[in-house]
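Report on one structure; see the data block that follows.
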Amino acid sequence: MLQIKVFVFNPVRENTYLLYDETKEAVVIDCGAYTDGEKKQLSDFIREKGLTLKHVLNTHLHFDHILGNHFLYETYGLKPEYNPADETMPGLKEGIVKFGFSTFKYDTVFAEQYIEDKEIISFGNTRMEALSTPGHSPGSLSFYSEKDACVFTGDALFRFGIGRTDLWGGDYEELIQSIRNKLLTLPDNTVVYPGHEETSTVGEEKKHNPYTG
């Protein structure tokens, strides 16, 4: 049984997800931890539960979703995994300045391996499929577990909303097609875990999301 811990980090209010199952193998999706307190919160939980971190995954490379990657690399020796289409994104440095983090010191950690559409990510007894869902950024991915009926959508799909498309590489029409063709085709009971704010379900998004009708 997949278990999910959500760490919501201020002030960017980004959802960092820690997933693990009965084997105690785990993955982190979109680590936004950047203060010492946030890093301690995450590492304390991993230690207290006796978890073994196997993957550091990124749905995309906007700065608020990768601020904790260097910490995870230093602490657990794992480099992030993501779609290569985002690797030339200029958003980290510009984003840090634009959103008021100009004094923040960050060391970029690049992937040792990339994730492509339909690739399977495994840890313990859990399998997740990477779904290419571009539009918010060129390399945006969602991670879907059919067995556990959940999908991690990053900033592609929110509860009754969608990700912005006015940043580098954004494309509104492409995002809408990604949502309709890759996410809303999942079973209605699939829980949507977005990069910000609250969870939803695919069924709820079909009924109530004004962008997906």
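Every number here is computed from the coordinates shown, using simple stated rules; none is lab data. Everything numeric in this text was worked out from a predicted model, so none of it was measured. Cβ coordinates were reconstructed from backbone atoms using ideal geometry, including for glycine residues, and neighbour counts include every protein chain displayed.
FRET efficiency for the pair Arg127 and Val8, taken as 1/(1 + (r/R0)^6) with r the Cβ-Cβ distance and R0 = 25 Å, rounds to 0.40.
Here each label is just a point 7 Å from Cα along the line to Cβ, and for Thr23 and Asp171 those points are 3.6 nm apart.
Relative contact order, percent, of the chain when contacts are C-alpha pairs under 8 Å separated by at least 6 residues? Mind dumping the intermediate values first?
Numbers: 465 pairs, mean separation 34.5, N = 213.
Relative contact order, the chain: 16 percent.
Protection proxy ranking for 116-125, 62-71, using the average of other Cβ atoms within 10 Å per residue and placing the highest first: 62-71, 116-125.
For Met1 and Lys147, the difference between the fully extended length at 0.36 nm per residue and the C-alpha to C-alpha distance is 51.7 nm.
Distance cut-off 24 Å, Cα to Cα: go down the list Lys40/Lys182; Lys24/Lys147; Lys182/Lys206; Lys79/Lys182; Lys39/Lys147; Lys39/Lys118 and report the pairs above it.
Values: Lys40/Lys182 35 Å; Lys24/Lys147 17 Å; Lys182/Lys206 13 Å; Lys79/Lys182 27 Å; Lys39/Lys147 30 Å; Lys39/Lys118 31 Å.
Result: Lys40/Lys182; Lys79/Lys182; Lys39/Lys147; Lys39/Lys118 exceed 24 Å.
How large is the helix-only mean residue ellipticity at 222 nm for the chain, computed as the sum of -39500 (n - 2.57) over DSSP H runs with n ≥ 4, divided by its residue count, in deg cm²/dmol to the nearest 500? Mind dumping the intermediate values first?
Values: 5 runs with 44 residues, N = 213.
It lands at -6000 deg cm²/dmol.
To check you understand DSSP bridge types, tell me what percent of the beta bridges within the chain (both residues inside) are antiparallel, rounded to 5. Don't skip to the answer; put the middle values down first.
Values: 26 of 38 bridges.
Roughly 70 percent of the DSSP beta bridges within the chain come out antiparallel.
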